[in-house]
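The values are calculated or read from the model by the stated rules, or taken from the named source; none is laboratory data. Here the structure is a predicted model, which is why all the values come from computation and not from measurement. Every residue, glycine as well, gets a Cβ built from its backbone with ideal geometry; the counts of neighbours run over all protein chains shown.
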Amino acid sequence: MLQPSDILPWVRAKAAPGDAAAVLSALDEWATHYPMYAIGAEKGAMLDQVLSDLRPQVALEIGTFLGYSAVRTARQLDQGGLLVCIEANPQNAAVARQIIDYAGVGARVTILEGLGSEKLPEAARIIAAARQRARPGEGGGASGAAAAGSGGGVLAGLQAQAVEQQAEAAAAAAAGGAAGEGGAGAPPLEGRAAAAAGATARAAAAGGAPVDYLFLDHCKPCYLPDLLAAEALGLVGHGTVVAADNVVYPGAPGYLEHLEGVGRYATTLLAAPHEVDKPWDPNWEMGRADAVAVSLRW
Ligand SMILES: C[S@@+](CC[C@H](N)C(=O)[O-])C[C@H]1O[C@@H](n2cnc3c(N)ncnc32)[C@H](O)[C@@H]1O
């Protein structure tokens with residue numbers, strides 16, 4: 001039976017050290033022969049475009065597997081940038097470290113081994129320290145980074161959607177809050193915005209520093225509790241872009257509903273087929289449609 005480390009000789013044979021694009025191609029090719037739970041080339045390219053428009057300085061990933069998405073993200077950070085990865089499986093984390101180093105982006109990546117729910121506070125401390133070290137006027141927070149996005153299709157669309165939502169929330173507030181109906185059972189927009197603003201203020205008071213980009217790609221029922229924990233730690237703030245894979249299939253219970261309910265996330269679904277099939281799993285539905293949710297927190 002294959003072990004995660006069996007991929008290493010393949011990558012070394014197919015790619016030169018420091019050539020991140022060739023490393024990614026080698027991993028994509030490996031996925032055509034062996035089960036590979038990476039986000040893959042199609043969804044990866046979609047997120048590349050978002051990242052290229054966002055120009056993040058500080059990013060966080062939960063669910064790193066062998067480092068494929070981490071390499072894609074880290075190569076878009078500049079030299080002073082930081083990607084913190086949380087990976088539960090120590091074998092995967094060990095291989096990811098080697099692949100990320102081999103791709104030449106290891107200096108920008110810190111991998112924490114453990115569950116997202118356990119490691120988020122440590123990630124928040126590392127990220128807050130990195131923000132402190134950033135020179136004045138530079139890396140000044142997620143809002144600055146998100147504002148840098150210009151012509152990019154997805155990010156520009158989210159920014160326009162956020163402006164519409166803000167106007168809608170302001171109109172609802174002006175009308176006494178009664179007009180803002182976000183769906184059955186959702187509080188009025190005014191109430192939701194106030195709750196979100198309160199959470200952001202509490203997180204800021206606790207010393208939290210928001211990331212520019214948060215990528216969720218781990219256990220699907222963990223997306224919602226881990227996003228809630230990241231919000232409470234101040235890791236998600238004004239301008240943070242949150243991407244979450246597999247929100248259609250297998251789906252992440254309660255996750256999209258939470259984004260809608262908070263009322264301060266502009267969200268779009270980037271449709272693509274599920275990135276891997278599992279013919280050996282009798283419960284798996286082959287060739288299913290899926291999507292990555294990309295959200296801009298305002
Ligand atoms: C789909 S793979 C991640 C793929 C990776 N993002 C990529 O595109 O290359 C999911 C990974 O999440 C890890 N994982 C599962 N539950 C986790 C949790 N609660 N916290 C952290 N990692 C978790 C698994 O060990 C696995 O390596």
Inset, instruction - Taking only the stretch 40-50 into account, find how many residues are surrounded by fewer than 24 Cβ atoms within 10 Å (Cβ to Cβ) and more than 13 Å from the ligand (Cβ to nearest atom). - result: 1
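Go through the stretch 3-33 residue by residue and tally those that are of a type in the set (Ser, Thr, Tyr) and either in contact with a strand residue (DSSP E or B) (Cβ under 7 Å, 6 or more places away or on another chain) or in contact (Cβ under 8 Å) with a residue 60 or more places away in the chain (or both). Lay out the reasoning, then the answer.
The first filter runs over the stretch 3-33 and keeps only residues of a type in the set (Ser, Thr, Tyr), leaving 5, 25, 32.
Pick out the ones that are also either in contact with a strand residue (DSSP E or B) (Cβ under 7 Å, 6 or more places away or on another chain) or in contact (Cβ under 8 Å) with a residue 60 or more places away in the chain (or both) and you get 5.
Adding up the residues that qualify gives 1.
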Inset, instruction - List every residue pair whose Cβ atoms lie under 8 Å apart, where the two residues are 6 or more positions apart in sequence or sit on different chains, the first residue falls within the stretch 219-246 and is at positive phi, and the second residue, located anywhere, is away from the ligand (no atom under 12 Å from the Cβ) and β-branched (Val, Ile, Thr). - result: Gly234/Thr200
Legend entry - Residues located in the stretch 90-131, provided they are without any contact (Cβ under 8 Å) to a residue 60 or more places away in the chain and in contact with a Phe, Trp or Tyr (Cβ under 8 Å, 6 or more places away or on another chain): Ala96
Inset, instruction - Scan (1) more than 15 Å from the ligand (Cβ to nearest atom); (2) within 26 Å of Arg131 (Cβ to Cβ) for the single condition Gly263 breaks and write down its number. - result: (2)
Inset, instruction - Consider Ala21 carefully, then state whether it is within 14 Å of the ligand (Cβ to nearest atom) and either in a loop (DSSP other than H, G, I, E, B) or modelled with pLDDT of 95 or more (or both). - result: no
Legend entry - For Lys14: the one exception among (1) farther than 22 Å from Glu87 by Cα; (2) modelled with pLDDT of 95 or more; (3) under 23 Å from the mean Cα position of the chain (by Cα): (3)
Inset, instruction - Just give me the residues in the stretch 57-113 being away from the ligand (no atom under 14 Å from the Cβ) and either of a type in the set (A, V, I, L, M, F, W, C) or in a loop (DSSP other than H, G, I, E, B) (or both), in sequence order. - result: Gln57, Val58, Gln76, Leu77, Asp78, Gln79, Gly80, Gly81, Leu82, Gly104, Ala107
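Determine whether the stretch 136-153 contains at least one residue that is modelled with pLDDT under 95 and either of a type in the set (Val, Ile, Thr) or more than 25 Å from the chain's Cα centre (by Cα) (or both).
Residues of the stretch 136-153 that are modelled with pLDDT under 95, as a first pass: 136-153.
In the following step, the residues that additionally are either of a type in the set (Val, Ile, Thr) or more than 25 Å from the chain's Cα centre (by Cα) (or both) were identified as 136.
Checked against the condition, which is being modelled with pLDDT under 95 and either of a type in the set (Val, Ile, Thr) or more than 25 Å from the chain's Cα centre (by Cα) (or both), the stretch 136-153 yields at least one hit.
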Legend entry - Test: Arg131 is away from the ligand (no atom under 16 Å from the Cβ), part of a helix (DSSP H, G or I) and modelled with pLDDT of 95 or more: no
Legend entry - Tyr213 away from the ligand (no atom under 11 Å from the Cβ) and either touching a Gly at 6+ places or on another chain (Cβ under 9 Å) or under 20 Å from Ala70 (Cβ atoms) (or both): yes
Inset, instruction - Return a yes/no flag: does the stretch 188-198 have any residue that is under 20 Å from Ser295 (Cβ atoms) and either at pLDDT 90 or above or within 16 Å of the ligand (Cβ to nearest atom) (or both). - result: no
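Quick check, is Leu235 in a helix (DSSP H, G or I) and not hydroxyl-bearing (Ser, Thr, Tyr)? So that I can check it myself, show each step before the final result.
Numbers: in a helix (DSSP H, G or I): no; not hydroxyl-bearing (Ser, Thr, Tyr): yes.
So Leu235 does not fit the description; no.
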